[in-house]
Amino acid sequence: MNHEETEMISRCQQGDQEALKEIFDKYHKKVYRIAYGVVRQREEALDIVQEVFIKLFRSIKNFKGRSNFYTYLYRMVMNTSIDHTRKTGKHFISSLDDEGSFEPSDEVEKGPERILLQKELEERVKWAMEKLPAEQRAALIFRDVEGLSYQEMAEAMGCSIGTVMSRLHYGRKRIQELLKDYVGLRNQSRGASTALKGRNPPKL
Amino acid sequence: MKDSCFSVSKFLEKYFDQEVTEKERLLVEGHLQDCPACRDALKSMEELRTLIKVPVEEAVQKEDFPWVWQKIEREIRLQEKLTWWQSLRSWLDVSPLFKKKVWIPAVATLVVLLFITAQIIFKNTPSYPDASVVEYLDSPTYNVMVYQLEKPGVTVIWLFEGPEREQPTT
C-alpha cells in the first residue's frame with residue numbers, strides 16, 4: 001500500500017465521502033469484473049458494486065492495514081457476490097433446460113450462426129460456472145479474470161496457498177469437463193460458421 | 001503421454017499461472033518441447049481462461065459507471081438520516097457491555113426496582129390525601145360532588161351553580 005492509498009483509506013475511515021469516491025474511481029471496474037464473473041448478469045453485478053461500496057463505507061473502520069486493501073475489498077466483493085447467487089438461485093440459466101442441453105431462442109436462430117455460437121458459449125460458461133462450488137468459482141475468477149497471484153488469492157480468500165492451488169486445480173478440472181465440447185470454439189465463433197453443424201449438445 | 005509427464009504435471013498449472021521458480025520453469029519448458037500432450041493440456045487451460053475472461057471484459061467495456069456512484073452517494077445519504085431509535089440501537093450494538101448481553105438481566109432488575117419504588121411512592125403519597133370523590137351528579141340546577149374524608153363520619157358535598165357562586169356544604 002502506498003502513502004497515497006493509506007491516506008485515502010484513513011480519510012474514508014473518518015467518514016469522508018470524497019475519499020470513498022476516490023476508492024470507487026480506483027476500484028469499481030475490478031469490483032464489477034469479479035461480481036460479473038460470479039453472477040454473469042449485468043443488473044445484478046451492478047447491484048453488487050453498489051452494495052459493496054456502501055458496505056465498505058460502513059465497515060472500513062475495521063480495516064487495520066494488516067493485509068493489502070484490495071484483498072480486503074476483493075474478499076468483500078466475493079462474499080457479497082456469492083450471497084447474491086445463493087439468494088437468487090439459478091435465475092440466469094435461461095436457455096438451458098434441466099438436462100443442460102441448449103435450446104436456442106427464436107431471436108438467436110434468426111441471426112448468423114456465429115452469433116448463435118457466441119451466445120451458446122456464454123450461456124454454457126454461465127451454466128458451468130454455477131456448477132462449481134463457490135470457493136472454486138472464486139479461485140477461477142481471481143486468477144483467470146483478475147490475474148491475482150496465489151499469495152494475493154490466499155489473502156483475499158483467507159486460506160493457504162496450498163488451498164488456493166487445490167481450488168484452482170479442481171475448479172479447472174471440473175469446468176473443463178463441463179465445457180469439453182466448447183473449449184477452443186470461442187475463436188472459431190468469430191470466423192467459422194460451421195462449428196455447430198453436426199455437433200450434438202453435450203450430455204452432462 | 002510420456003513417463004516424465006507425471007513429474008511435470010504438478011508444475012504445469014503453476015507454470016500456466018506464472019508461479020513457478022526458475023528451475024521449475026526450465027524443467028517444464030524443456031518437457032513441453034517434446035510433449036504434444038502437455039502442450040495440448042496447456043492450450044486447453046488457455047482456452048478455458050479465455051472462455052471465462054473475455055465475456056467479463058466485454059461486459060466491463062460496455063458499462064457506464066458514473067450513475068452507479070450517484071446511487072451509492074444517495075444511499076449513503078439516506079442511511080445517515082437515522083431515526084433516534086436506530087441511533088440508539090446502533091449505540092447499543094457498539095457498546096461492548098451490551099454486546100455481552102449483560103443488558104438483559106440489567107433491564108429486568110431495573111424494571112423490578114421501578115415497580116417496587118412505584119408501589120412505595122403511590123402508597124405513601126396519594127394524590128388527594130384527605131378525601132376521595134365518592135359521587136358526582138349532574139342536574140339542571142346544581143352539579144353535586146360528594147367527597148368522603150378519611151376521618152370517619154365526615155362527608156363534604158359541593159354544589160356547583162356557576163363558577164363564582166359555588167359553595168361547599170358540610
Practice item. Please go through region B:61-70 and pick out each residue that is modelled with pLDDT under 90 and within 7 Å of another protein chain (Cβ to nearest Cβ). Key: B:E63, B:F65, B:V68
Check your understanding: Hey, any hits in region A:76-89 for a residue that's modelled with pLDDT of 85 or more, over 20 Å from the mean Cα position of the chain (by Cα) and of a type in the set (A, V, I, L, M)?
Key -> no
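Could you list, in sequence order, all residues of region A:128-157 that are surrounded by fewer than 22 Cβ atoms within 10 Å (Cβ to Cβ), part of a helix (DSSP H, G or I) and facing another protein chain (nearest Cβ under 10 Å)? Explain how you work it out, then say what you get.
Looking only at region A:128-157, we keep the residues that are surrounded by fewer than 22 Cβ atoms within 10 Å (Cβ to Cβ), and these are A:130-136, A:146-147, A:149-152, A:154-155, A:157.
Narrowing the set further to residues that are part of a helix (DSSP H, G or I) leaves A:130-131, A:134-136, A:150-152, A:154-155, A:157.
Correct list: A:Y150, A:Q151.
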Review point. Across region B:1-60, which residue is surrounded by the fewest Cβ atoms within 10 Å (Cβ to Cβ) among those that are within 12 Å of chain A (Cβ to nearest Cβ) and assigned to a loop (DSSP other than H, G, I, E, B)?
Key: B:Q18
Check your understanding: So which residues in region A:20-53 are β-branched (V, I, T) and more than 10 Å from the chain's Cα centre (by Cα)?
Key -> A:I23, A:I48, A:V49, A:V52
Review point. Considering only residues of region B:116-137 that are modelled with pLDDT under 75 and in contact with a strand residue (DSSP E or B) (Cβ under 9 Å, 6 or more places away or on another chain), which is surrounded by the fewest Cβ atoms within 10 Å (Cβ to Cβ)?
Key: B:Y128
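The values are calculated or read from the model by the stated rules, or taken from the named source; none is laboratory data. Keep in mind the model is a prediction, meaning the values are calculated, not measured. For neighbour counting, all protein chains shown are included, and Cβ atoms are generated from backbone atoms with ideal geometry for every residue, glycine included.
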